1. May I ask you to list the aspartates and glutamates whose Cα is less than 13 Å away from that of residue 135, ignoring any residue fewer than eight positions away on the same chain?
2. Write down the Kirkwood hydrodynamic radius of segment 123-175, to one decimal in angstroms, obtained as one divided by the mean of 1/r over all alpha carbon pairs.
3. For a quick check: with amide H placed at 1.01 Å from N, whose amide H comes under 5 Å from residue 63's, ignoring anything fewer than 5 positions away on the same chain?
4. Indicate, rounded to the nearest 5 percent, the antiparallel portion of the DSSP beta bridges found entirely in the chain.
5. Apply the Karplus curve 6.51 cos²θ - 1.76 cosθ + 1.60, θ = phi - 60°, to the phi angles in segment 79-96 and return the couplings in whole Hz, x for Gly and Pro.
6. Quick one: which residues, 5+ away or cross-chain, put their amide H under 5 Å from the amide H of residue 161? H built at 1.01 Å from N.
7. At q = 0.14, 0.16 Å⁻¹, what base-10 log of I(q)/I(0) does the Debye formula yield for segment 1-146 when every alpha carbon is treated as an equal point scatterer in vacuo?
8. For residue 169, what residues show an amide H to amide H distance below 5 Å, using hydrogens built from the backbone and excluding near sequence neighbours?
Amino acid sequence: MKKIILDCDPGHDDAMAILLAHGNPEIELVAITTVAGNQTLDKTSLNARRVATVAGIQDVPVAAGCDRPLTRELKTAGYIHGESGLDGPAFGEPTVPLDSRHAVDLIIELLMHSNGDITLVPTGPLTNIAMAVRKEPRIVAKVKEIILMGGAYTRGNTTPAAEFNIYVDPEAAEIVFRAGWPLTMVGLDLTHQALATPAVLERIAALGTPVARIAVQLMEFFRQTYRRNAGFDSPPVHDPCAVARVIDPNVMQCVNAFVAIETRGEYSSGMTVTDFSSRLGPTNAQVATKLDVDLFWDLMVDAIRRIGAPGVRAS
């Protein structure tokens, strides 16, 4: 089993990442931690509890973390994810509780008591991870690796230069990319290949389970906002790509690079400056470039199938 902490800001694609992590038999979901990003912290934390409830995720702590970037005002993405951050399905009251620990403290605690076998999978702004490193630098040596969704080596989606997660808190991203642990950047160049096409949604709908229906409803809302705001006919499902990389590294091709975070540029703040030629510095990341689309969606559909009815994981 591959142990992960999923640090997220649900968010439609974060919800799909939670389902993939829970439903795949190769993954042990050690904790779900939340951060402000796609929506405010109260909403992202509620959404994580909602998804955990409908998926029957039990005995996995859900902990709320940082409610704002390290030094900047919070910018959210309600124009993509809606007022709740998870618009589309009608969720009931969640039964999964919020852990009493702060997400940063939970991350530190789990890592320091681990055998170096936990992978961090951040799919939102990197504030929690940066704060954990600043509070307890020894966690760097305890992390197996970091596989994060964020950045791009071509163009951004929030500004021409910057992807949303990095743009929200570039100072946190700079800390994470400089920390010295094994790191894979799963950015827009990769995730824009993971499109929730009508054919994909038909496959999920055909499963006929409550979780499958919610997944389709999430993606239908996501499709509408992406079409309206970004011109996509089918929405890119960013965050599960990072989880898929943990499950099967063959799901994507990666290239070694040096990635620097622009924190001061007037027009380029939040840019992940990606140097594949080692001119700016030695390699500090693997950068995802090409997705095995069929394998990715097979993993996603199979995970939803295995979840089955709420609280039941099929064999």
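1. Result set, ordered by chain and number: 105, 109.
2. 11.8 Å
3. 32, 33, 34, 99
4. Numbers: 12 of 36 bridges.
Rounded to the nearest five, the antiparallel share is 35 percent.
5. Running phi through 6.51 cos²θ - 1.76 cosθ + 1.60 with θ = phi - 60° gives 5, 9, 9, x, 4, 7, x, 8, 5, x, x, 9, 8, x, 5, x, 9, 6 Hz.
6. Under 5 Å from the amide H of residue 161: 156.
7. Log10 I(q)/I(0), no solvent term: -0.60, -0.78.
8. Placed amide hydrogens put 126 under 5 Å from residue 169.
No lab work stands behind these numbers, since they all come straight from the coordinates. Note that the structure is a prediction, hence the values are computed from the model and not measured. FYI the Cβ positions are ideal-geometry reconstructions off the backbone, even for glycines, and counts take in every protein chain you see.
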